[in-house]
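Everything on this sheet refers to the single structure shown next.
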Amino acid sequence: MNGINPQKLGRLLRQARENCGMSQGEADKLIASPIDIIEKGERPLKASELIALARAYKRPISDFVCQPDDIEKRPLASFEQGLITEGRFAEILGVDRLKARTIAENWGCLDSPSVDVE
């Protein structure tokens, strides 16, 4: 899958796997390959593997491969992938940064709450 940062994609896949409560062993079986090397960005992901994982994680493929021109259409995925700042995320949603952070936390985009909401 050309043009996709393997480390960033791996991080997103790990977060999605953990959010749905799936173990690495269960994910390994889905793609017949060790998921840990993909989550570390050490091995490229095949399109067929991404499809299988996205289905298992109950997430749209676009959550993992959002392009910059999709930012306005998919702000949560864009924020999660680091394509936009928290401030821009709040602006797109039309809410203040605290509300934007709460939305991101509720959807599992942030690992831990933060008090920095300048």
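The values are calculated or read from the model by the stated rules, or taken from the named source; none is laboratory data. Note that the structure is predicted; figures quoted are calculated from it, not measured. Here Cβ is always computed from backbone atoms with ideal geometry, including for glycine, and neighbour counts include all displayed protein chains. Protein only, heavy atoms only, side chains kept; ligands, DNA and RNA dropped before computing areas. Shrake-Rupley method; radii C 1.70, N 1.55, O 1.52, S 1.80 Å.
Among 20-26, 5-11, sorting by the average number of other beta carbon atoms lying within 10 angstrom of each residue, highest first, gives 5-11, 20-26. Protein heavy-atom surface of the range 13-106, 1.4 angstrom probe: 52% of the accessible area is carbon and sulfur, with nucleic acids and ligands not counted. Is there a pair in 29/58; 40/99; 8/58 whose C-alpha atoms are over 21 Å apart, and which pairs would that be? Check vs 21 Å cut-off fails for 40/99. Modelled spin-label separation between residue 22 and residue 7, with each label point placed 7 Å from Cα along the Cα-to-Cβ direction: 2.4 nm.
Given R0 = 30 Å, the distance between the Cβ atoms of residue 58 and residue 95 translates into a calculated FRET efficiency of 0.70.
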